[in-house]
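K.L.:
Have a look at this one before I ask anything.
The values are calculated or read from the model by the stated rules, or taken from the named source; none is laboratory data. Source: prediction; values computed, not measured. Here Cβ is always computed from backbone atoms with ideal geometry, including for glycine, and neighbour counts include all displayed protein chains. All accessible areas refer to the heavy atoms of the entire protein, side chains included, with ligands and DNA or RNA removed. Shrake-Rupley method; radii C 1.70, N 1.55, O 1.52, S 1.80 Å.
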Amino acid sequence: MLSYAQKVVVVPGYGMAVAQAQHAVHDLARELEKRGVEVNYAIHPVAGRMPGHMNVLLAEANVPYEHLKGVDEINDEFKRAAVVLVVGANDVVNPAARNSPGSPIYGMPILNVDQAHNVVFLKRSMRPGFSGTDNDLLYDPKTIILFGDAKESLTKLVAAVKAA
């Protein structure tokens with residue numbers, strides 16, 4: 001799916017940080033770009049454990065700064081994305097923030113990942129994010145969950161893209 005997409009958006013989160021997978025994320029993006037795939041990164045200001053956390057990690061991996069897009073800049077692009085790759089983010093992509101008035105995250109600005117054509121969600125488990133809120137995106141029929149350590153999963157994805 002990733003190999004043949006025209007547009008892919010990567011959403012990094014705390015799981016990427018814990019797995020130290022920023023270099024593997026960039027390796028995957030480079031392989032996709034070799035195939036002509038447009039790759040951008042959707043950066044939520046509170047992804048990770050502190051503001052700017054994802055920017056710093058991706059800068060370490062030499063991701064070009066112009067590929068990092070904030071919420072306001074990227075949210076309209078999700079509906080044009082063939083695939084969104086969520087790498088360890090949870091609450092910042094949870095539609096409950098928009099759709100569930102009783103949710104503790106209701107009203108929080110989120111990344112509109114649920115509007116993409118396909119979602120590949122890298123997670124270690126089905127446990128909820130920091131807010132303790134279940135993520136409805138995980139149960140959406142267009143979402144594929146790839147369980148495991150983000151770095152290991154991304155390394156396998158890189159190999160699969162190279163073989164495609």
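K.L.:
Name the long-range amide H neighbours of Val86: under 5 Å, sequence gap of 5 or more, or other chain; modelled H, no Pro or chain starts.
P.N.:
So Val86 has HN proximity to Val11, Val120, Phe121, Leu122.
K.L.:
Further question: I need to check one value: relative contact order of the chain, counting alpha carbon pairs closer than 8 Å and at least 6 residues apart, in percent. Walk me through the numbers on the way to the answer.
P.N.:
On the way: 323 pairs, mean separation 44.2, N = 164.
Here the relative contact order equals 27 percent.
K.L.:
Shifting gears a bit: Output ³J(HN,Hα) for region 154-164: one whole-Hz value per residue in order, computed from phi by the Karplus curve 6.51 cos²θ - 1.76 cosθ + 1.60 with θ = phi - 60°, and x for Gly and Pro.
P.N.:
Once rounded to whole Hz, the list reads 5, 4, 5, 5, 4, 4, 5, 5, 4, 7, 6.
K.L.:
Okay, moving on. Heads up, I need the accessible area for Ile144: 1.4 angstrom probe, whole protein in place, Å², nearest 10.
P.N.:
Spelled out: Ile144, probe radius 1.4 Å, area about 80 Å².
K.L.:
Would you grab the residues whose amide H sits under 5 Å from the one on Gly70? Only those 5+ places off in sequence or on another chain, please, with H modelled 1.01 Å from N.
P.N.:
Placed amide hydrogens put Ile43 under 5 Å from Gly70.
K.L.:
Round to the nearest 0.05 the FRET efficiency obtained for Tyr65 and Asp149 when R0 = 41 Å and r is the Cβ-Cβ distance.
P.N.:
Details: r = 27 Å, r/R0 = 0.66.
The computed FRET efficiency comes out at 0.90.
K.L.:
Name the shape class, rounded, prolate or oblate, that the alpha-carbon gyration tensor gives for region 1-85, where a ≥ b ≥ c are the square roots of its eigenvalues, rounded holds for a/c under 1.5, and otherwise prolate holds if a/b is larger than b/c and oblate otherwise. Walk me through the numbers before you get to the answer.
P.N.:
Numbers: a/c = 1.89, a/b = 1.30, b/c = 1.45.
Cα axes put region 1-85 in the oblate bin.
K.L.:
While we're looking at this one, here's another question. When the distances between all Cα atoms of region 22-164 are binned every 5 Å from zero, what whole-number percent does each bin get?
P.N.:
Per 5 Å bin, starting at 0, the Cα pair percentages come out as 2, 10, 18, 24, 24, 14, 6, 2, 0, 0.
K.L.:
Taking loop as defined by DSSP and a crowding limit of 11 other beta carbons within 10 Å, which trypsin sites (Lys or Arg not before Pro) in region 19-108 fit?
P.N.:
On the way: sites: Arg30, Lys34, Arg35, Arg49, Lys69, Lys79, Arg80, Arg98; in loops: Arg35, Arg49.
Here the sparse-neighbourhood loop sites are Arg49.
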